[in-house]
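For reference, the structure is listed below as structure tokens.
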Amino acid sequence: NAGVTQTPKFQVLKTGQSMTLQCAQDMNHNSMYWYRQDPGMGLRLIYYSASEGTTDKGEVPNGYNVSRLNKREFSLRLESAAPSQTSVYFCASSENPGSQETQYFGPGTRLLVL
Amino acid sequence: GNSVTQMEGPVTLSEEAFLTINCTYTATGYPSLFWYVQYPGEGLQLLLKATKADDKGSNKGFEATYRKETTSFHLEKGSVQVSDSAVYFCALTDPYSSASKIIFGSGTRLSIRP
């Protein structure tokens, strides 16, 4: 099993450009998440999908959209990138929603917006 | 609201030293508590967890005890190795959330000298 995979690993964008970050998991998990990691701030939740067909906002959703394409895939889209979106983005999944569930993380996508 | 506070790093120790990384939390109810570890260039992975008061989580020689009375979940290891060099995140999940939305601390970077 590959676990959680993310593409691309690294991306440079100019302000105003758009892009989609891809995430897939092969563990048959129901719930998926997108986080951003900034220095000194830990990880912050952008959006999550408790189950296929549902998505909800997290702590910092502005400037992002998501699509739960199917049970395996959960993409994050930046419609008009801004320098403030320079960050490392992590996708995660868990078997089910719930406070005791363990989340499994992908390797991350490093995004630089100029 | 719910929050996690952990000691600031970086923490630098010699091999075989005793490690403590402090973590305290603020939450309503009875959250689940986690320690995640991030090795260089990788995503986060679960190190250990505890889901109720007085539970002790343990893995790879690391331990942490869920202390309700002091709202703490300090990470300890009796003898650290160079391979333990990483960033450690304390985290909790909201017991009243329908999804396992994790709230992370800001992370503590640990460096072990040979």
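For segment B:90-99, the count of residues that are surrounded by fewer than 20 Cβ atoms within 10 Å (Cβ to Cβ) and under 12 Å from the mean Cα position of the chain (by Cα) is zero.
I'd like the full set of residues that are more than 8 Å from chain B (Cβ to nearest Cβ) and over 16 Å from the mean Cα position of the chain (by Cα), limited to segment A:97-114.
A:Val113, A:Leu114
For segment B:90-107, the candidate set comprises residues that are assigned to a strand (DSSP E or B) and modelled with pLDDT under 95; within that set, the residue that is nearest to A:Gln37 (Cα to Cα) is B:Phe104. Scanning segment B:56-74 for residues that are farther than 26 Å from B:Ser85 by Cβ and in a strand (DSSP E or B) gives a single hit, B:Arg67.
Residues that are within 11 Å of another protein chain (Cβ to nearest Cβ), within 14 Å of the chain's Cα centre (by Cα) and of a type in the set (Lys, Arg): does segment A:67-76 have at least one?
Going residue by residue through segment A:67-76, those that are within 11 Å of another protein chain (Cβ to nearest Cβ) are none.
No: segment A:67-76 contains no residue that is within 11 Å of another protein chain (Cβ to nearest Cβ), within 14 Å of the chain's Cα centre (by Cα) and of a type in the set (Lys, Arg).
Summed over segment A:53-66, residues that are away from chain B (no Cβ under 12 Å) and among the hydroxyl-bearing types (Ser, Thr, Tyr) total 1. Which of the residues belonging to segment B:7-43 are aliphatic (A, V, I, L, M), in a loop (DSSP other than H, G, I, E, B) and modelled with pLDDT of 95 or more? Residue satisfying the conditions is B:Ala17 alone. Scanning segment A:105-114 for residues that are surrounded by 19 or more Cβ atoms within 10 Å (Cβ to Cβ), outside any loop (DSSP other than H, G, I, E, B) and of a type outside the set (A, V, I, L, M, F, W, C) gives a single hit, A:Thr109. The residues of segment B:60-77 that are closer than 12 Å to B:Leu48 by Cβ and among the small types (Gly, Ala, Ser), listed by number, are B:Gly61, B:Ala64. Residue count for segment B:1-41, restricted to those that are within 17 Å of B:Val82 (Cα to Cα) and either of a type outside the set (Val, Ile, Thr) or in contact with a helix residue (DSSP H, G or I) (Cβ under 9 Å, 6 or more places away or on another chain) (or both): 14. Every residue in segment B:1-31 that is more than 10 Å from B:Phe73 (Cβ to Cβ), buried (at least 17 other Cβ atoms within 10 Å of the Cβ) and of a type outside the set (A, V, I, L, M, F, W, C), please. Across segment B:1-31, the qualifying residue is only B:Asn2.
Residues considered: A:Phe74, A:Phe90. Of these, the only one that is among the aromatic types (Phe, Trp, Tyr), within 30 Å of B:Met7 (Cβ to Cβ) and surrounded by 14 or more Cβ atoms within 10 Å (Cβ to Cβ) is A:Phe90.
Considering only segment A:81-96, I want to know if a residue exists there that is within 10 Å of chain B (Cβ to nearest Cβ), in contact (Cβ under 8 Å) with a residue 60 or more places away in the chain and part of a loop (DSSP other than H, G, I, E, B). Yes. Residues in segment B:38-81 that are under 22 Å from A:Tyr33 (Cβ atoms) and more than 14 Å from chain A (Cβ to nearest Cβ): 1 in all. Remark: A:Thr15 matches the filter, which requires a residue to be away from every other protein chain (no Cβ under 14 Å), in contact with a helix residue (DSSP H, G or I) (Cβ under 9 Å, 6 or more places away or on another chain) and either outside any strand (DSSP E or B) or modelled with pLDDT of 95 or more (or both). In segment A:43-65, the condition of being surrounded by fewer than 14 Cβ atoms within 10 Å (Cβ to Cβ), under 25 Å from B:Val87 (Cα atoms) and at pLDDT 95 or above is met by no residue.
The values are calculated or read from the model by the stated rules, or taken from the named source; none is laboratory data. Here the structure is a predicted model, which means the values were calculated and not measured. Cβ atoms come from the backbone with ideal geometry, glycine included; neighbour counts cover every protein chain shown.
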